[in-house]
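Below: one structure, written as structure tokens.
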Amino acid sequence: MSRFAALLFDFDGVLIESEYSGNRHIAEYLTAIGHPTTADQSMANFMGLAGLDFLGAVERWIGRPLPDDFHAARQVENERCLVEGIAEVAGAVAFVRALPRDLPRAIVSSSRVRWIRTHLTHLGIADAFEPHLYSGSEHVTRGKPAPDLYLHAAARLGVAIEQCAIIEDSPVGATGAVASGAYVIGLVAGSHCAPDHADRLRAIGVDAIARDFAEVAALL
């Protein structure tokens with residue numbers, strides 16, 4: 001039994017190991033066009049952002065507009081990942097499958113619904129969340145770090161946000177999650193999480209840190 005009425009899951013970096021691979025690709029692209037960038041720097045500056053917020057952050061980092069071929073390069077990489085799939089964050093699938101069937105839950109991600117649904121299908125857990133897949137790029141005007149996406153998902157589930165627990169991994173996501181008024185678990189189980197990642201999330205104000213899904217289960 002959960003002490004919460006609903007669970008809201010971020011997606012990239014919480015359920016799938018996409019944060020490191022995606023930011024590595026961004027870093028490689030920026031380095032190739034003359035702006036040396038490491039995957040760690042990409043994650044520190046861009047992780048959790050989407051749409052114009054993401055593009056603005058990248059352009060501030062390089063100090064100029066992105067080349068026209070950036071979007072095409074990202075699309076090619078995204079399509080490759082959609083076809084090949086991305087590994088789960090350790091323990092994520094087993095955790096989701098062990099949840100009580102009647103416990104409301106939703107995905108709250110900066111990624112688009114096609115990305116979310118395709119990767120949930122690869123993992124075999126799409127039925128655990130459908131139809132509650134919510135995208136900061138598609139369902140709200142203000143994406144993360146605004147709290148709007150979490151409030152939208154809670155409303156669609158019919159649960160007060162104060163009765164929800166949110167599982168987030170990125171500082172951007174944690175900022176919005178804390179602002180929503182929910183109980184926020186900062187998950188640092190993904191391969192993208194540096195040794196100081198938990199400290200960064202604590203500084204934002206998450207309610208608890210979990211280093212793996214066993215610790216998430218204990219918190220719930």
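The values are calculated or read from the model by the stated rules, or taken from the named source; none is laboratory data. Bear in mind that the values here come from a model prediction, so they are computed numbers and not experimental data. Cβ coordinates were reconstructed from backbone atoms using ideal geometry, including for glycine residues, and neighbour counts include every protein chain displayed.
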Q) Which residue out of 108, 140 is touching a residue at least 40 places away in the same chain (Cβ under 8 Å), in the same structural domain as residue 165 (by TED's automatic domain parsing) and of a type in the set (Val, Ile, Thr)? A) 108
Q: Please specify each residue of region 149-162 satisfying the condition of being within 14 Å of residue 107 (Cα to Cα), touching a helix residue (DSSP H, G or I) at 6+ places or on another chain (Cβ under 9 Å) and surrounded by fewer than 18 Cβ atoms within 10 Å (Cβ to Cβ).
A: 155
Q: Check every one of the helices (runs of 4 or more DSSP H) wholly within region 1-107 and list those with 2 or more residues that are out of contact with any Cys (no Cβ under 7 Å at 6 or more places or on another chain) and farther than 18 Å from residue 214 by Cα.
A: 18-32, 39-46, 51-62, 70-84
Q.
Of everything in region 195-220, what is part of a loop (DSSP other than H, G, I, E, B) and either in contact (Cβ under 8 Å) with a residue 12 or more places away in the chain or in the same structural domain as residue 48 (by TED's automatic domain parsing) (or both)? Give them in sequence order.
A. 205, 206, 207, 211, 212, 220
(Q) Looking at region 1-18, I want the residues that are farther than 15 Å from residue 86 by Cα and have a partner that is part of a strand (DSSP E or B) and of a type in the set (D, E, K, R) with Cβ atoms under 6 Å, at least 6 apart or on another chain. Which pairs are those? (A) 7/105; 10/168
